[in-house]
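Single-structure report; data block below.
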Amino acid sequence: MAWLSAPAHHRWLEGETDRLLDFGRASRVAEGGFGRLDERGRLEPGLPTELWVTCRMTYVYALGALLGRPGCAPLVDHGLAALAGRFRDAEHGGWFAAVGPDGPHDDAATAKDAYPHAFVVLATASAAAAGRPGARELLDEALAVQLRHFWDDEAGMVVESWDRAFTTTEAYRGVNANMHTVEAYLAAADVTGDVAWLERAARIVERVVHGLARGNGWRLPEHFDADWQPLLDYNRDVPAHPFRPYGATVGHWLEWARLTLHVRAALEAAGRPVEPWLLDDAVALFEAAVAQGWDVDGAPGFVYTVDWSGEPVVRMRMHWVLCEALGAAAALHAVTGDERFEAWYATWWDYADTHLLDREGGSWWHELDEENRVSRTVWGGKADLYHAVQATLLPRLPLTPVLAPALARGLLA
């Protein structure tokens, strides 16, 4: 049976979307924003409220509001209020990385990082697509911060981070922040109608996918110095870092494959030239991820990272990697019609159902070990819903516009 076109499968996906949305409601922090959840769906005690979590949950509930789920719109407004209030740096601009009852959690929380700032754009763009009050004004502010501080037009990429006053930038450049910036800029282009954001997203994809990934046999380098020279030994002594792990991160190959297809579809819709490499490279990244990441060490599942010869380094199975595999398979099938992508799609949902979906505690287990037992080495608890909710929606939506604008236009299958 062809799952991706089957109404019955779409109904199953819809049920999983609702199960996830219900689980995440407890992440609301009374003072503003959203916090990390534990394995039972309770707020983790004693933690600061983080910008990236708040933005990702605001985004998820914007999707829920667009799906017509009661109770989601107030949660979007709650997230927007936190972005307009306790996270916003009224003195220097931008948003704090983490806040507590008395403001920024610590000195590190005052840094202005590209990763969470990309999610500010995604959250506010999606809330604007959902018609939430104040969202468009916050989006305009976030985009101004992007142009003023993060977008490096000469490099065609974003810089990694600044100090609080935007006076000193970190001597490090990372691909992860740029990946989420692509997603954010695509949403901004759809919501504002400004094709310049699409063009910036396309420039990032060309440099990362067609340049860095292709040039390194699809084992995409993640870490660079300020001149964009690769740092291949970066964090060798901290190989399981949650945001900057050593080596090549297999899940990102899948995520870049999907984002490349979103860019391709958006360029085509805008009447812009569509280069053949956009599809060819997406397929190559997907195939490399399957060959080097899936079921390579005696048990099903994607390993977290590999070294520069393709050997596994961190063998933990992260839920977000499987989510991105599902999204990439659905996107490639939508573009090519090739049945092998649908076969992988079904295989990976079977794996998720067997190992990752927690039907007792709710949501998805965020990490498994190399034998697919629940593990907490890199990710304890169930921080947020971003990847899992997207995995349930991407198979039911077109590649352009991106998720929230597509839902706003009534394009859900």
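Here ALA388, ALA404, ALA334, ALA329 are screened, and the one residue that is at pLDDT 95 or above and either part of a strand (DSSP E or B) or open to solvent by 10 Å² or more (accessible area, probe 1.4 Å) (or both) is ALA334. Determine, yes or no, whether PRO395 is in contact (Cβ under 8 Å) with a residue 24 or more places away in the chain, touching a helix residue (DSSP H, G or I) at 6+ places or on another chain (Cβ under 9 Å) and in a helix (DSSP H, G or I). When the stated conditions are applied, PRO395 passes them.
One line per residue, one yes/no per condition, for (1) in contact with a His (Cβ under 6 Å, 6 or more places away or on another chain); (2) open to solvent by less than 10 Å² (accessible area, probe 1.4 Å); (3) at pLDDT 95 or above; (4) of a type in the set (Lys, Arg):
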| position | (1), (2), (3), (4) |
| --- | --- |
| GLU275 | no, no, yes, no |
| ASP280 | no, no, yes, no |
| PRO312 | no, no, yes, no |
| CYS323 | yes, yes, yes, no |
| ARG373 | no, no, yes, yes |
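Report yes if some residue within the range 290-298 is buried (at least 24 other Cβ atoms within 10 Å of the Cβ), closer than 12 Å to TRP253 by Cα and within 23 Å of the chain's Cα centre (by Cα); otherwise report no. Checking the range 290-298: at least one residue is buried (at least 24 other Cβ atoms within 10 Å of the Cβ), closer than 12 Å to TRP253 by Cα and within 23 Å of the chain's Cα centre (by Cα).
Here the helices (runs of 4 or more DSSP H) wholly within the range 1-117 that include at least 3 residues being out of contact with any strand residue (DSSP E or B) (no Cβ under 8 Å at 6 or more places or on another chain) and either modelled with pLDDT under 95 or within 24 Å of HIS149 (Cβ to Cβ) (or both) are 51-66, 72-84. Only one of the numbered conditions (1) more than 22 Å from the chain's Cα centre (by Cα); (2) buried (at least 24 other Cβ atoms within 10 Å of the Cβ); (3) among the charged types (D, E, K, R) is violated by GLU137, and that is (2). Within this structure, SER309 passes the test of being of a type in the set (S, T, N, Q) and free of Cβ contacts under 8 Å to residues at least 12 places away in the same chain.
The values are calculated or read from the model by the stated rules, or taken from the named source; none is laboratory data. Please read all numbers here as calculations on a predicted model, not as lab measurements. With ideal geometry, Cβ positions are generated from the backbone for all residues, glycine too; neighbour counts draw on all protein chains shown. Quick note on the areas: whole protein, heavy atoms, side chains included, nothing else; ligands and nucleic acids left out. Shrake-Rupley method; radii C 1.70, N 1.55, O 1.52, S 1.80 Å.
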